[in-house]
Every structure is written in structure tokens, then in C-alpha cells.
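One structure below.
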Amino acid sequence: MSSRPNTAKPELIFEHVNRSSRSQSDSKYELIRKAGPHETMFNLFHELGIQSNILVAATYTHSDKRGLTAPALFEALPVVINQHPALGIIGVDQPSQRKKGSHRLWEARLNTVNLRDCVEFVPRDGRDQGLQRIIEKSHNEWFDTKDRTRPLWKLVIVDNTHALFIYHHMIGDGLSGYAFHRSLLAALNDIEAQKIIDRISIGNKGSIVNIPTTLPPGHSQALFQKNVSIIYIVHAFLWWIIIRLIFSSESFLFSDATFTKKYPTPTNPFPKDKRTVTRIESMKINCTTKEKCLVACRIHNTTLTAVLHTLIQVTLAADIYPKAKIGFSRVAVDMRRYMKDNKGVDVMLNAVGTFADAQWLGRYREAGRDLTIVGGIGDGLSLRAHLWDLARRYGARLHEDINESNTALKEYVAAKLVGEDKEEFVSQGFHNIRLFTNYSLLVSNLGVFRQIRGEISGGWNINHVESSTAAIKASVGNAGIVFNVASAELGALVINASYEEGVLMPETVRKVIEGLEKRLKLLIE
């Protein structure tokens, strides 16, 4: 990907304030447009102590063994910021134009960013789980959104090698993290090749970067051609209501989750000591095993996402919740493909929906039989065939939804029906979010990070990536587990399973990871 800044004039989707105007309360930023429903949701999640951030980490290597340094990053990051104006976006509440006493979220643009506020260098402890613990720690450090002089992202450099891009979910989704690292990698290589000449405005101190006046893409709701289907929304709402009324929570996965059903409001947010605390369990699949698995997926006409989803459901049904009848699951779906002007994955915005589904767990439990107990070569072949059949069926359902029925898109655009004001969003939206997501698992696979090779011989490369999403407070979102999947083209595949502390036992999540790893190896051996 070229590191040249995008100077094309964007389509102005929303009403915005004239550039010459400045906020009366703070000249450090200017209002640019009303926020979309997903940006409002993520702003509320952070402000109320429900969810902190997301991150995408990458390991940078250089042919001459050099590491990432402050001078190199301070030269490269202005290029990245110039490419991605969303890195200058913050959220600012304004009085509602509809109801007195209510508030409407606006997106505002910082005028400058001080890179010294955004870049942090830390050592990594010598333990195998050192990076995992730093990722977990990063999730439990919240942005100070009341300080409207700093952006809603930071870059934590571990051992001058691992770059953790940590950002407020309001400015981007998981693929936005991939876009950031591709831009940073290209900038580092371009600088080394001396291709950057007077392109970026940097202040006298060498760390103050002017935010480009180019607006980031309009929020994704305005870029979709799909209209809201009221009939579908009513049907889906009634379906979920009936299922939850007919069956007790013991019939679902994660029935042992412990949490309060109270959720915060703008006038009564969670205090700092009651904010969501995220915990993580990780699993790494080496590159050889990953490639073997991908080949097997092609042979069996399914996808890695479908295989992982299947093996997770099998493990939960067979090993942990033997009495559960129904498994609620969601798979993250990239919505960029549906946009009027799809600029591809290297654009920072929120454009991720979910394919929500329910599975009867009997067949999954049967597929989870322990071969060490059953024994026999024939049993092993039969078990593998059963697992592949489940994965193939789920993959077909997911493919049909993305390409034909579009239920994930229908649910995504349904956010337009929620009130625009933040108070309305809480009263109308939080109950629906809990209805659709509680007691479910989520698989979010960012796919393979394919870097654009540097234009010089032996430059910078990225040989390892991983992603992670902070847990959402179970009282609002989900009492289950989020499985964040990512891998570099020539690197290992990493699964970071995030969950809320105190809701599930750590032993439960570790057992899921262990069962997933065991069954994945069994499936492809």
C-alpha cells in the first residue's frame, strides 16, 4: 500500500460545522459531524464503563536486526495520520436538538496530535505469557475522554519489536487495526528509501502533527444502500424473545455466568472500580499447522472460521455444558462489501456486523466424544467426518447469509431505529443488545494480514499479528467469550479469548482453549 497521503476531496455525507469555526469550550478541536449509531454505542460503552478498547498487535522485524525507535516512529506516524484522518477523531457531547436535557454525540477533529502522548515504550517480562499479560493490562487502562487534547489511540512498543495499536472502538473496528499497521509498515520502508519529501506538517518540537483537513469516511450507516426491514426486525425480536421465554438459562451455554442485570445510564455510570475488567486466555497455532488446516478446509469445502466456530461449540457442549440444549453464537462479518463506495479494508471506520445463529447442541455434543475412551481407527474416521460435516454446514449457512439472505446486514442497519440522543440509545438499545447477545460466543476472525512488501531490499517486515477486544459488561452485552483470531501471512495463527473477570471462571475459559487445540489437531492429523 502506498504511503502517500489521500488528498482527494471526500463526499460530505453529514452536516458539519464550517472549518473556520472552533468549539466555544476548547480551541484544540472542531466539530465536524453528528456521530453514527455505532459510534454513539461505542462512545457510551466507554463513557459508562462497559467496554474499554480494542487492539491489534504486530511484530516488526528488520533485516539488519534494528528495533523500533522513537525517531523512526516519530517520522513514520505523521504519514499514517495523514492517511487515516480517523486518528484525529474524538467524541464531544452537544445539546440535543430534539429533547431538552438530552445529548447528541458529535465527532470532532483534533487540530494537532502530540506523538509523545501517543507512543509508549515498555519492556517485556521473560515469561511466555508476557505479551498476553501486556495486552490484558492494556485493555484495563481506559482513555481519558474528558481530556480533549489527546487522541483516542496509543501505540505501545514492547521490547522495540512488538507494536500494540490500542484504540477506542469509536474510531475503528478490528480491520482498522490491520490498516494502521500496513500504513505504518509502508511508511517505515518509504522513509528508509528516502521517498518522503516535504509531505507532512510537523511542528517545531518534532512531535506535533497537524491533523489533515480531509474528513474520514462518513459513518458506515450512511454508506449502505440497504434500508431497514421493519418486518425482519419484528420477526427477529419475537424469535429471540420466545426462545428465551421457553427455555431457562440452564438450557444455554455459559449458564454458570455470574453477573448483575443492572446497566448504567449517562447520569449514573459505573464508577472506576466497577468498570469492566478484561481477562484473556491465548492459543497459538504454528504456521505449519495453520497452513495444513487451511488446505484441509479447502478440501472439505469450508472455511477456517467455520471450523473454529464448530470446534468451540463442540468443546463447550461436550466438555463443559453437557446439559445445555441450545448454543447461541455470532460471527463477525465485514460490512465494507455492502457500501456504496467500498474503498477496501485499508480504511479506518466501524463496519463490522455479526451473523447471529442458534444451534441445537445434540449433534455437537456427539461430535465431541473422547477418542481415548471410544477407541478404534473406525471411530476416529467417523468422528472426523462428523466434525467436518458440522463445519461444512455452518460454513454454508454463513456464506448464504453474507451473499444472499443478508441477515447480518439487516441487523446492522437496524441500528438506525435506535434513538439518536445518547439517553434514548441507552433506554432503547441496551435491552435489545442484551436480548440478541447474552449467553453467546463470538468468533471474530480478521483473516490473514498480508503486508505490502517494502520497495527496498531487506527492509521492515511484519511476521506476527494478533488482535484482541476488551470484554463488554455482561449486564449489557454478553456473558460469554469472544474469540479474536488473527495471523500474519507467514506467521502463527493466534486466538485471544477475552471474557469479563468475575463472570466466568478462568478454568472454564482455559478448558475451552485446551479442547479447541486438541480437537483442531485431531481434525487435521
Worksheet item: Among Ile135, Pro151, Phe74, whose Cα sits farthest toward the positive end of the charge dipole of the range 43-194 (+1 at Cβ of Lys/Arg, -1 at Cβ of Asp/Glu, about the Cα centre)?
Response: Pro151
Discussion item. Starting from 0.36 nm per residue, how many nanometres of slack lie between Asp64 and His235 once their C-alpha separation is accounted for?
Written reply: 55.6 nm
Item to complete: Report the label-to-label distance for Ala396 and Phe259 in nanometres (one decimal), using points 7 Å from each Cα along the Cα→Cβ vector.
Response: 3.4
Worksheet item: Which value, in Å², gives the accessible area per residue of the chain when a 1.4 Å probe is used on the protein heavy atoms?
Response: 43
Worksheet item: Between Arg98 and Arg124, what is the label-to-label distance in nm when each label sits 7 Å out along the Cα-to-Cβ direction?
Response: 4.7
Worksheet item: What list of whole percents do you get for P(r) of the range 287-354, with Cα-Cα distances grouped in 5 Å bins up to the one holding the largest distance?
Response: 3, 13, 16, 14, 16, 19, 12, 5, 3, 0
Fill in: Apportionment of accessible area to carbon and sulfur, the chain, percent (1.4 Å)
52
Worksheet item: Nearest 0.05, what FRET efficiency do Ile246 and Arg363 give at R0 = 22 Å with Cβ-Cβ as r?
Response: 0.60
Worksheet item: For the chain, what is the convex hull (Cα atoms) projected area averaged across all directions, in square nanometres?
Response: 24.9
Response to the item:
In whole Hz, the Karplus estimates of ³J(HN,Hα) for the range 382-397 (6.51, -1.76, 1.60; θ = phi - 60°; x where Gly or Pro) are 5, 5, 4, 4, 5, 5, 5, 5, 4, 5, 5, 5, 5, x, 5, 5
Discussion item. List the residues, sorted by chain then number, that are 5 or more residues from Phe121 or on another chain and whose placed amide H is less than 5 Å from its amide H.
Written reply: Ile157
Response to the item:
For the Lys340, Leu381 Cβ pair and Förster radius 51 Å, calculated FRET efficiency rounded to 0.05 is 0.55
Practice prompt. Over all alpha-carbon pairs in the range 273-322, figure out the percentage whose distance exceeds 11 Å.
Written response: 76
Discussion item. Just want to confirm a number: the relative contact order over the chain, from Cα pairs under 8 angstrom separated by 6+ residues, in percent.
Written reply: 23
Worksheet item: According to the square roots a ≥ b ≥ c of the eigenvalues of the Cα gyration tensor, what is the shape class of the range 69-178, taking rounded for a/c under 1.5, prolate for a/b larger than b/c otherwise, and oblate for the remainder?
Response: prolate
Worksheet item: Sequence-distant or interchain residues sharing an amide H contact under 5 Å with His103, placed H: which?
Response: Ser96, Lys422, Glu423
Item to complete: Tell me which residues come under 5 Å, amide H to amide H, from Arg33 once H is placed; ignore anything under 5 positions away on its chain.
Response: Val17, Glu107
Worksheet item: Going by a ≥ b ≥ c, the root eigenvalues of the Cα gyration tensor, does the range 244-397 fall in the rounded group (a/c under 1.5), the prolate group (a/b larger than b/c) or the oblate group?
Response: oblate
Worksheet item: With charges only on Cβ, +1 for K and R and -1 for D and E, what is the dipole size of the chain about its Cα centre, in debye, rounded to 20?
Response: 580
Fill in: Separation in nanometres of the label points that stand 7 Å from Cα toward Cβ, at Asp144 and Thr267
2.8
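The values are calculated or read from the model by the stated rules, or taken from the named source; none is laboratory data. In this text the structure is predicted, and so the values were computed from the model without any measurement. In this analysis, Cβ positions are derived from the backbone assuming ideal geometry, glycine residues included, and neighbour counts consider all displayed protein chains. Areas reflect the complete protein model, heavy atoms only, side chains present, ligands, DNA and RNA absent. Shrake-Rupley method; radii C 1.70, N 1.55, O 1.52, S 1.80 Å.
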